[in-house]
Amino acid sequence: MKWDFVDWVYSASFDQMSSLSKVRRAGWNETLDAESMFRRLFGKLRSERIIP
């Protein structure tokens, strides 16, 4: 645990917030489905006999 980071987060006088609204307005609307990505990755690794 990086305690200096935790101290910084909780000592801020403002909320730490993230929003994807700006990038979506700029046209970046695609999302990545993590489950299907991992299924493809593990399927490829199995077919190449890297994992069982």
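Coordinate-derived values only; no laboratory data. Treat the numbers as computed from the prediction; the structure is a model and nothing was measured. Cβ sites come from the backbone with ideal geometry, for glycine too, and all protein chains shown count toward neighbours.
Where does the longest stretch of the chain lie that holds no trypsin sites (Lys or Arg not before Pro) found in a DSSP loop with 12 or fewer other Cβ atoms within 10 Å? The partial results should precede the final answer.
Working: sites that count: LYS2, ARG49.
Free of exposed loop sites, the longest segment is 3-48.
Where does helix 34-47 land angle-wise versus the long Cα axis of the chain, in degrees 0 to 90, nearest 10?
30
In nanometres, what is the gap between the two model label sites at ASP15 and ASP33, each 7 Å from Cα along Cα-to-Cβ?
Each label point lies 7 Å from its Cα, and together they span 3.2 nm.
Here are some values of Kirkwood radius over Cα pairs in Å: (i) 11.4; (ii) 15.3; (iii) 13.6. Which one was computed from this structure?
The value matching this structure is (ii).
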